[in-house]
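Since every read-out is calculated from the coordinates, none of them should be taken as a lab result. For clarity, every value in this text was computed on a predicted model and none was experimentally measured. Methodologically, a virtual Cβ is constructed for each residue, glycine included, from the backbone with ideal geometry; neighbour enumeration extends over all protein chains shown.
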Amino acid sequence: MIIEPLMPVEPSLASAQKFVSTPAVQEKSSFGDWFVNELNTVNDRLVTSDHDAQALATGEVQSLHEVMIRMEETRQSFQLLLQVRNRLLEAYQEVMRTQV
C-alpha cells in the first residue's frame, strides 16, 4: 500500500476575494444586490459540484476528497441561502399581518 502525500488545497476565486482589501471609497449596494450576487455564487457552485460529480463518476477526477469537500461547501452555501430566504419570507408575512 502506497501512501501519497496530501496536496495543498487551492482556494477558489470566490473565497480568495474575501481576503482582498477593498478600496476606502465603496459603492453603496443594497441588500437586494447582495442577495442576487450570493444567489449567482451558489448557482455557480451547484453547477461546478454537478460537473465534479459527473467527472468523478466517469473517472476523470482521481481525488474523491476534493470533490466531496467542494460538494459539502456547496451544500452549506445553499443551506445558508435557503435560511436567509426563509427569514425574508417570515418577515414579509409578519409585515403583511400587521394591522394598519
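So here's what we get for this one:
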{"read-out": "V61 long-range amide H proximity, modeled H, under 5 Å", "value": "L56"}
{"read-out": "Sites A57 and L81, calculated FRET efficiency, Cβ-Cβ separation with R0 22 Å, nearest 0.05", "value": "0.25"}
{"read-out": "Sparse-neighbourhood loop sites, GluC sites (Glu not before Pro) in the range 28-78 - DSSP loop, at most 11 other Cβ within 10 angstrom", "value": "E60"}
